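Novice: Sharing a structure below in structure tokens format, with a few things to ask.
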Amino acid sequence: AVGDAHVIALARTEGGLTELDDEIRSATGESATLVPLDVKDGDGLDRLAAAIYDRWKKLDILVANAATLGPISPLAHVEVDHWDHLIAVNITATWRVIRAMDPLLRASNAGRVVMLSSSVAQSPRAYWGPYALTKAAVDCMGRTYAAEVATTPVKVNLFNPGPTRTKMRATAMPGEDPETLPPPEAPAEKIVEMCLPSFTDSGRIYEFKTRTLKSFQPPV
């Protein structure tokens, strides 16, 4: 929470939401709006958008961070249900969020969208195919949306946090010492900066590991 921003936090379970709310209360003295909702529930996302409109009439910031790692496996060995779940969470749900929140973002005089990317989206590696291709799709989605809102005040960017001390990273790289990685709070500070009205770039990607804001290379 920054300034007079009010946080609307969405997650599948209430445990993490409650912990986040406690942190926000401790830091700001204000509470967040907690929404225990599975991102695969597209109709639920539509209802959430309607509720936001009824109360605030707009949405100033959207951080699209929901994702699942899926199996680290050869493409030919991935179970169909695992594949379908990965597509549903990482691609379809992200699109449903944009679809639901687009009118609210356009109603803001400085709508900001940050979509979480990954290094494997640009540099595929063996056995990471399922996750990599979904994050590549998110990259394309973000760039497309940025182009579509280019004549509006809405700015859309991608953010690659790089290796970070998270449960997902520990699952993917169990032999890695987590203490060698930055905590999530480090990239989060930059994400907050990218959500401010003063951040006016759009259609770009920020690489946290190298601290660089990059433009995508145009096709040859």
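Novice: Using +1 on the beta carbon of Lys and Arg, -1 on that of Asp and Glu, and nothing else charged, what's the dipole of the range 65-148 about the Cα centre, debye to 20?
Specialist: 320
Novice: Past 27 Å, Cα to Cα, is the threshold; run Lys58/Lys209; Lys135/Lys190; Lys58/Lys167; Lys57/Lys167 against it and keep the listed order.
Specialist: Correct reply: Lys58/Lys209; Lys58/Lys167; Lys57/Lys167.
Novice: Right, next: Give me the net charge of Gly42's neighbourhood, meaning all other residues with Cβ under 9 Å from the Cβ of Gly42; Lys, Arg count +1, Asp, Glu -1.
Specialist: That works out to 0.
Novice: Next question, about the same structure. Run the dipole for the chain about the Cα centre, Lys and Arg Cβ at +1, Asp and Glu Cβ at -1, nothing else charged, and hand back the magnitude in debye, nearest 20.
Specialist: That gives a dipole near 740 debye.
Novice: At 7 Å along Cα-to-Cβ for each site, give me the label-to-label distance between Thr152 and Glu79 in nm.
Specialist: 4.0
Novice: Further, regarding this structure: Once amide H atoms are built 1.01 Å from N in the peptide plane, which residues 5 or more positions from Tyr206, or in another chain, come under 5 Å H to H?
Specialist: Leu158, Phe159, Asn160, Lys214
Novice: Tell me, what is a quarter of the convex hull surface for the C-alpha atoms of the chain, in nm² with one decimal?
Specialist: Averaged projected hull area, Cα only: 13.2 nm².
Novice: Apply the Karplus parameterisation 6.51 cos²θ - 1.76 cosθ + 1.60, with θ equal to phi minus 60°, to every residue of the range 56-61 and state each ³J(HN,Hα) to the nearest whole Hz, in sequence, with x for glycine and proline.
Specialist: Ordered by residue, 3J(HN,Hα) equals 10, 6, 7, 9, 8, 9 Hz.
Novice: Moving on to the next point. Set the Förster radius R0 to 22 Å, insert the Cβ-Cβ distance between Asp46 and Leu20 as r into 1/(1 + (r/R0)^6), and round the FRET efficiency to 0.05.
Specialist: 0.40
Novice: To make sure I understand, if each residue's beta carbon is the centre and we count other beta carbons within 10 Å, what order do Tyr53, Tyr131, Tyr145 fall in, fewest to most?
Specialist: Tyr53, Tyr145, Tyr131
Novice: Follow-up. Taking amide H atoms as placed 1.01 Å from N in the peptide plane, list the residues 5 or more away in sequence, or in a different chain, whose amide H sits under 5 Å from that of Ala11.
Specialist: Val35, Leu37
Novice: Here's another thing I want to ask about it. Which residue fluctuates most in the GNM of the chain (Cα springs below 10 Å): Ala126, Ala150, Ala76?
Specialist: Looking only at Ala126, Ala150, Ala76, the largest GNM fluctuation is found for Ala76.
Novice: State to the nearest 20 debye the size of the charge dipole of the range 20-73 about its Cα centre, where the only charges are +1 on K and R beta carbons and -1 on D and E beta carbons.
Specialist: 180
Novice: Further, regarding this structure: Would you work out which of Leu17, Ala5, Pro103 lies farthest towards the positive end of the dipole of the chain? Charges go on Cβ: Lys and Arg +1, Asp and Glu -1.
Specialist: Pro103
Novice: Among all stretches of the chain without exposed GluC sites (Glu not before Pro) (DSSP loop, at most 13 other Cβ atoms within 10 Å), which one is longest?
Specialist: In the chain, the maximal stretch lacking such sites is 80-175.
Novice: Continuing with this model, one more query. Could you line up Met115, Met101 from fewest to most neighbouring Cβ atoms inside 10 Å?
Specialist: Fewest to most other Cβ atoms nearby, the residues stand as Met101, Met115.
Novice: Here's a follow-up. Specify which residue in the list Pro153, Leu62, Val80 is farthest towards the positive end of the charge dipole of the chain, using unit charges on the beta carbon of Lys, Arg (+1) and Asp, Glu (-1), about the Cα centre.
Specialist: Pro153
Novice: Under a Cβ-Cβ cut-off of 15 Å, what is the net charge of the residues other than Gly29 that fall near it, where Lys and Arg count +1 and Asp and Glu count -1?
Specialist: -4
Novice: Taking θ = phi - 60°, what integer Hz values does the Karplus form 6.51 cos²θ - 1.76 cosθ + 1.60 yield along the range 82-94, in sequence order, with x for Gly and Pro?
Specialist: Karplus values, whole Hz, x for Gly and Pro: 5, 4, 4, 5, 4, 4, 5, 7, 7, 10, 4, 5, 5.
Novice: Tell me the net charge near Asn109. Cut-off is 14 Å between Cβ atoms, Asn109 excluded, with +1 for each Lys or Arg and -1 for each Asp or Glu.
Specialist: +4
FYI, it's all coordinate maths here, none of it is from the lab. Everything numeric in this text was worked out from a predicted model, so none of it was measured. Note that we place each Cβ from the backbone using ideal geometry, even for glycine, and neighbour counts take in every protein chain shown.
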